[in-house]
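Down below is the structure, laid out as structure tokens.
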Amino acid sequence: MKSAISQQRFNRDGEPQTYLNNGHGLRSWFLTKDHKRIAMLYLVSVAFFFAVGGIYALLIRINLLAPNGLFESDTYNRIFTTHGIIMVFFFLVPAVPAVLGNFLLPIMIGAKDLAFPKINLLSWYLYIFGAAFTVIAVIAGGVDTGWTFYTPYSSTYSNSNVLLAGVGIFIVGFSSILTGLNFIVTVHTMRAPGLTWFRLPLFVWANYATSLVIMLSTPVLAITVSLLAIERVAHVGIFDPAIGGDPVLFQHMFWFYSHPAVYIMVLPAMGVISELIANMSKKNVFGYKLVAMSSLAIGVFGFLVWGHHLFVSTQSVYLGIIFSFLSFAVAIPSAIKVFNWTATLFKGSISYDAPMLYGLGFIGLFLIGGMTGLFVAAVGLDVHLTDTYFVIAHFHYVMVGGSLMGFLGGMHLWWPKMTGRMYPEAWARAAMVIQFVGFNLTFFPQFILGYLGMPRRYATYPPEFQVLHIFSTAGATILAIGMAITICYLIWSLKKGQRATPNPWGAAGLEWMTTSPPPTENFYETPVVTWEAYDFTVVRPEDVTGMAAE
Amino acid sequence: MSEHIVSKKVYYAIFAALLIGTALTIGAAFINLHNFNIVVALLIAAVKATLVIYFFMHVKYASRLTKLCVALGFIWLFIIVSITMTDYLTRGWFTYVP
């Protein structure tokens, strides 16, 4: 295969042909079928919702500065609900698959696009349409049920905009399903010649496993939200015991989606980490096949553990014990990944650029998130820890320390590929360190708060908890500053950043064998893959330096 | 992609079978079978759904991969229903004596 540099083509103005300059104006973006442009539409959208969700997080932290709170309890309920709904459904679920997956998956398998380009665009419009309902719900006064919409409060008693938010979540679920469907069909049918399943980059494996989870779980969310709406509107007794329903049935159905949804959020980020660790230490991932299979194992086992959210409901004690055991079992494939990433680093040629810092950050924070998951998977201990800040800290270590670190690490690794510009490395490293410090200062005190008995979703607390809450709010402020720095320098780099070569990291993978940014068709000639994944001997020096070979 | 052509006869036969199934469902609703009312109704519905999936949705003529995908959906339905029902079945087994 020729080097990307030698294949570069130019348009009539003498500019390199890229997907970014193939068409101008809003129409060329909003009606595009190019997976890369759709990924950029998603990037802007999820970044917007991340910022909104982040502002709500800060409002929560501001309220908790004082033991008596600064907002009314009802207002506080609406603030944390909005934070949860926006972060889960409009940022964490779509972030990695819809942005990085959309952009990279076809390129990584040597395809020109996803299997269904129009459905891909439709998925973005569904996302925006669903988001619009939720935004209207927030503007109209918000929702006060918590992001989990537990019944019968949500279906019978709440006076807030449950239905509007529910419709938004129902619609955005279909956006996920369409993306998942597209990925599955694309991986099955559009791999380049020679690209066998076990030559696929681990990011593709992770997104494939995620897509299976999305396809099998998201319809249950749609059904659950629909049943909630039926009970709320038509008073059919499904979840409300006063009219013959069972509230625990809602919890079963909700968590049948929402626990696998945790893996929808973290699995693609794990795929990113595999790429980061391999490319930043210039080594094949240790135990490649096991890491690939562990993604599928997490996907399957992830469906069998939902009942650990129901330990203190009236769920059967016997079923609780089984769910506890299965929850311990799901830690095994996650641990395989962590051990194998660490083993990959051994004797690697490690660089400490920002993507790698995020990768290492992920490993440390996800480890804490995962290990504390075992605490709350133990039935007896969970009776004490349920609905306390310990749980909040645990899942933020997984979601923020895991998914967000993975997303940001991936954004930095592939930013040159996506935009054709390098980000300022020193700023990026500084921002990562600030975020890491801010994150730990925010959430580590919450483990202690939870252990001491501080319940989640309370607007007020006893004065002895104030010091830890102030630490947490200070951490959130530092984290927000770190995020703001990242957003600023990434925007700055779009115009002022140094131009990127096709392969600025000397990385392995088909995406580094095309130009930065890639042309609309990704490759001018279909690649024929004759090498294994993460084979660094096929890296072209001219693609790394950007200088044509003599 | 090659499309399997199904004769109209098959479609009419399946349509007739679905109508009979509907009539059976209505008929069964008038007979009080106590606990088995729901079992019979679900059984007839399952047979009808199988016919629709198999013939109208062409799964009978599809590749093994497609059949696997369809089966997967039902296996997952089985997981959620069976485990949730296990909860209801075993809730009463344990009585807490303080």
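Couplings 3J(HN,Hα) for the stretch A:182-187, derived from phi with the Karplus relation 6.51 cos²θ - 1.76 cosθ + 1.60 (θ = phi - 60°), are 4, 5, 4, 5, 4, 5 Hz, where x marks Gly and Pro. Relative contact order for chain A: 19 percent, from Cα pairs under 8 Å spaced at least 6 residues apart, divided by residue count.
Angle of helix A:73-85 to the longest C-alpha principal axis of chain A, folded into 0 to 90 degrees and rounded to 10: 30°. Summing Lys and Arg as +1 and Asp and Glu as -1 over all other residues whose Cβ lies under 13 Å from the Cβ of A:D34 gives a net charge of +3. Here A:F10, A:F444 are placed in order of increasing Cβ neighbour count within 10 Å, fewest first, which gives A:F10, A:F444. Ordering A:M405, A:M253 from the fewest to the most neighbouring beta carbons within 10 Å gives A:M253, A:M405.
Computed from the C-alpha gyration tensor, the three semi-axes of the ellipsoid equivalent to the protein assembly as shown are 41, 34, 23 Å, from longest to shortest. Distances between placed amide hydrogens fall under 5 Å for A:R421 paired with A:A500, all partners being 5 or more residues away or on another chain. Measuring against 31 Å, Cα to Cα, the residue pairs A:K289/B:K48; A:K118/B:K9; A:K347/A:K417; A:K2/A:K33; A:K33/A:K495 contain A:K289/B:K48; A:K118/B:K9 as the ones spanning a longer distance.
Taking amide hydrogens as placed 1.01 Å from N in the peptide plane, the amide H of A:I238 sits under 5 Å from those of A:G245, each at least 5 positions away in sequence or on another chain.
Could you work out the relative contact order of the stretch A:10-113? I mean the mean sequence separation of Cα pairs under 8 Å and 6+ apart, divided by the number of residues, in percent. Each step should come with its number before you reach the end.
Values: 72 pairs, mean separation 36.3, N = 104.
About 35 percent, as a whole number.
Collect residues whose amide H, placed 1.01 Å from N in the peptide plane, falls under 5 Å from the amide H of A:T388; neighbours closer than 5 in sequence don't count. Those lying under 5 Å, H to H, from A:T388 are A:R456.
Rounded to the nearest 10 degrees, the inclination of helix A:35-63 to the longest alpha-carbon principal axis of chain A is 40 degrees. Coupling constants for the stretch A:467-479 follow from the phi torsions by the Karplus curve (6.51 cos²θ - 1.76 cosθ + 1.60, θ = phi - 60°), and in residue order they are 4, 5, 5, 5, 3, 4, 5, 4, x, 4, 5, 5, 4 Hz; glycine and proline get x. What nm distance separates the two modelled labels at B:T22 and B:Y54, each placed 7 Å from Cα along Cα→Cβ? Label-label distance for B:T22 and B:Y54, simple model: 2.1 nm. Three semi-axes describe the equivalent ellipsoid of the stretch A:331-435; taken as square roots of 5 times the Cα gyration tensor eigenvalues and ordered largest first, they are 31, 17, 10 Å. Computed on the stretch A:429-550, with alpha-carbon pairs under 8 angstrom and 6+ residues apart, the relative contact order is 26 percent. Counted by neighbouring Cβ atoms within 10 Å, the residues A:R191, A:R27, A:R37 run from fewest to most as A:R27, A:R191, A:R37.
Of the three principal axes defined by the Cα atoms of the stretch B:1-61, the extents in descending order read 50, 18, 8 Å. Note that the stretch A:380-395 has calculated 3J(HN,Hα) couplings of x, 5, 5, 4, 6, 8, 3, 6, 10, 5, 4, 5, 4, 4, 4, 7 Hz, one per residue in order, obtained from phi through the Karplus relation 6.51 cos²θ - 1.76 cosθ + 1.60 (θ = phi - 60°); glycine and proline are x.
Here the spin labels are modelled as points 7 Å beyond Cα on the Cα-Cβ line, and at B:Y88 and B:H34 they lie 1.8 nm apart.
Per-residue ellipticity at 222 nm computed for chain A from its helices equals -21000 deg cm²/dmol, with DSSP H segments shorter than 4 residues left out and the rest contributing -39,500 (n - 2.57).
Every read-out reported here was derived from the displayed coordinates using simple, explicitly stated rules and does not represent laboratory data. Everything numeric here is computed off the predicted structure, so don't read it as measured data. Cβ: placed from backbone, ideal geometry, glycine included. Neighbour counts: every protein chain shown.
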